[in-house]
Structure formats: C-alpha cells, structure tokens
Amino acid sequence: RVPIDVTVNEKPTVSLTASNPNNAICGGDSVTLSANTLAGKPFQFAWYNGNPISTPPIENATQTDYTTQVAGDYWVKVTDTINNCETIAGPLTITSYTTPVLSISSLTLCGMDTDTISITTVGNIIGSISTINNSTAGSVLLNNSDLIIQAANVTTDQNAVVTYTDGNNCSASLQVQV
C-alpha cells in the first residue's frame with residue numbers, strides 16, 4: 001500500500017451586509033453591499049444580481065463592496081486565490097421604496113402664521129415622523145398626509161428645514177423662512 005496525503009482546505013467564511021437600514025433603498029438612493037470575510041487571505045469576489053447558478057456575474061463587480069441603486073436579490077462568490085476554494089453567499093434582498101414627495105419645496109411664513117403642506121406621496125405612514133431643525137423658527141405637526149407648520153413669533157428672520165420621514169425611513173424636506 002502506498003500512503004496518500006490528503007489536504008482539506010477550508011472554504012471562505014462569508015457574511016453579507018447592507019449599508020442601509022432594513023436592506024432598503026428609497027427611490028434614487030444607493031446601497032453598498034459588503035462581503036465580510038476573515039482577514040489574512042487573498043480573496044477574489046464576483047457579485048451577482050440573480051442566482052449564480054443561472055445568472056452571469058455583474059460586470060466589473062469584483063471588490064469586497066458593491067454599490068447599487070437597484071432592488072433585488074444579490075449573491076457574492078468569494079474564492080480563496082491560494083487554494084481555489086469558494087463560497088457563494090446570499091441572497092441578500094434589497095427592497096426599494098418610493099420617496100415621499102411634498103407639494104412644495106420652500107415656504108415663506110410671517111411670524112405666528114400657519115400653513116398646511118400636503119405630502120403627495122406619503123409612503124409607509126406607520127412610524128412616520130416630522131421634524132424641524134430650528135425650533136426657534138416654529139414647529140411642525142404631522143396630521144395624516146399633511147404637515148402643519150406653525151411659524152414662531154420671531155424678531156429676526158429665521159430659516160429652518162422641515163423633514164418628513166416615512167415608516168420606511170425615506171424622507172423629503174422643505175425649506176422654511178420665517
């Protein structure tokens with residue numbers, strides 16, 4: 001009998017993560033996908049926006065990270081370039097949501113005036129919030145699909161940004177001058 005030496009090489013350990021909360025993008029935004037591997041080995045990466053068994057890799061997507069504006073399922077194939085062992089990780093599902101739209105983009109109010117701005121594309125209202133970045137200029141209240149903006153009684157002109165963020169974490173902003 002002749003002894004045979006067998007070497008078993010470890011496959012790369014890979015986890016996929018997305019830079020955006022809940023693996024979601026709002027219309028026109030982008031998300032960065034990351035293939036997290038153990039450091040110390042040279043790896044080769046190939047990203048796919050479909051099952052790698054039946055889909056060719058994304059052209060020029062050969063780095064640890066891949067940035068996209070397209071919703072869908074993503075996989076990555078990671079190859080250890082020393083021993084040629086590979087792992088396919090995925091899918092990581094990216095969801096796209098509609099960005100809220102306000103009926104206007106800027107507003108001028110006189111002190112103590114109130115105006116109501118319609119949110120023409122509301123998005124997911126569950127968990128939605130409205131904020132104003134300069135409370136000395138006034139306040140904002142979210143009422144269903146309207147923003148009610150109350151200007152403060154100011155002695156000098158004030159500028160503020162009112163932001164509506166829907167339950168999907170997509171937002172729209174409005175410039176306000178009081």
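The values are calculated or read from the model by the stated rules, or taken from the named source; none is laboratory data. In this text the structure is predicted, and so the values were computed from the model without any measurement. Glycine gets a Cβ as well: all are built from the backbone with ideal geometry, and neighbour counts include every protein chain shown. The area values use the complete protein model at the heavy-atom level, side chains included, leaving out ligands, DNA and RNA. Shrake-Rupley method; radii C 1.70, N 1.55, O 1.52, S 1.80 Å.
When Ala61 is tested against (1) hydrophobic (A, V, I, L, M, F, W, C); (2) open to solvent by 30 Å² or more (accessible area, probe 1.4 Å); (3) part of a loop (DSSP other than H, G, I, E, B); (4) at pLDDT 90 or above, exactly one condition is not met: (2). Take the conditions open to solvent by less than 80 Å² (accessible area, probe 1.4 Å), closer than 29 Å to Ser19 by Cα and in a loop (DSSP other than H, G, I, E, B) and apply them to Asn169. Does it pass? For Asn169, the condition - open to solvent by less than 80 Å² (accessible area, probe 1.4 Å), closer than 29 Å to Ser19 by Cα and in a loop (DSSP other than H, G, I, E, B) - is not met. When each of Asn124, Asn83 is tested for being at pLDDT 85 or above, open to solvent by less than 70 Å² (accessible area, probe 1.4 Å) and in a loop (DSSP other than H, G, I, E, B), the lone residue that passes is Asn83.
Being buried (at least 18 other Cβ atoms within 10 Å of the Cβ) and of a type in the set (A, V, I, L, M, F, W, C) is the filter here, so list the residues in segment 129-151 that pass it. Matches in segment 129-151: Ile132, Ala137, Val140, Leu147, Ile149, Ala151.
Residue-wise test of (1) among the polar types (S, T, N, Q); (2) under 29 Å from Thr99 (Cβ atoms); (3) loosely packed, with under 13 Cβ neighbours inside 10 Å; (4) in contact (Cβ under 8 Å) with a residue 40 or more places away in the chain.
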residue	(1), (2), (3), (4)
Asp5	no, no, yes, no
Thr13	yes, no, yes, yes
Leu33	no, yes, no, yes
Lys41	no, no, no, yes
Pro56	no, no, yes, no
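Among the residues of segment 15-31, those identified as under 30 Å from Pro100 (Cα atoms) and polar (S, T, N, Q) are Thr17, Ser19, Asn20, Asn22, Asn23, Ser30.
Table: residues versus (1) within 29 Å of Leu147 (Cα to Cα); (2) acidic (Asp, Glu).
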position: Thr64; (1), (2): no, no
position: Thr67; (1), (2): no, no
position: Gly72; (1), (2): no, no
position: Asp80; (1), (2): no, yes
position: Glu86; (1), (2): no, yes
position: Leu92; (1), (2): no, no
position: Thr98; (1), (2): yes, no
position: Val101; (1), (2): yes, no
position: Cys110; (1), (2): yes, no
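Residues checked against (1) out of contact with any strand residue (DSSP E or B) (no Cβ under 9 Å at 6 or more places or on another chain); (2) part of a helix (DSSP H, G or I); (3) touching a residue at least 60 places away in the same chain (Cβ under 8 Å); (4) more than 27 Å from Tyr164 (Cα to Cα):
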site: Asn9; (1), (2), (3), (4): no, no, yes, yes
site: Leu16; (1), (2), (3), (4): no, no, yes, yes
site: Ile25; (1), (2), (3), (4): no, no, yes, no
site: Pro52; (1), (2), (3), (4): no, no, no, yes
site: Ile88; (1), (2), (3), (4): no, no, no, yes
site: Ile104; (1), (2), (3), (4): no, no, yes, no
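For segment 97-119, the condition holds for at least one residue, the condition being that it is touching a Gly at 6+ places or on another chain (Cβ under 7 Å) and surrounded by fewer than 19 Cβ atoms within 10 Å (Cβ to Cβ).
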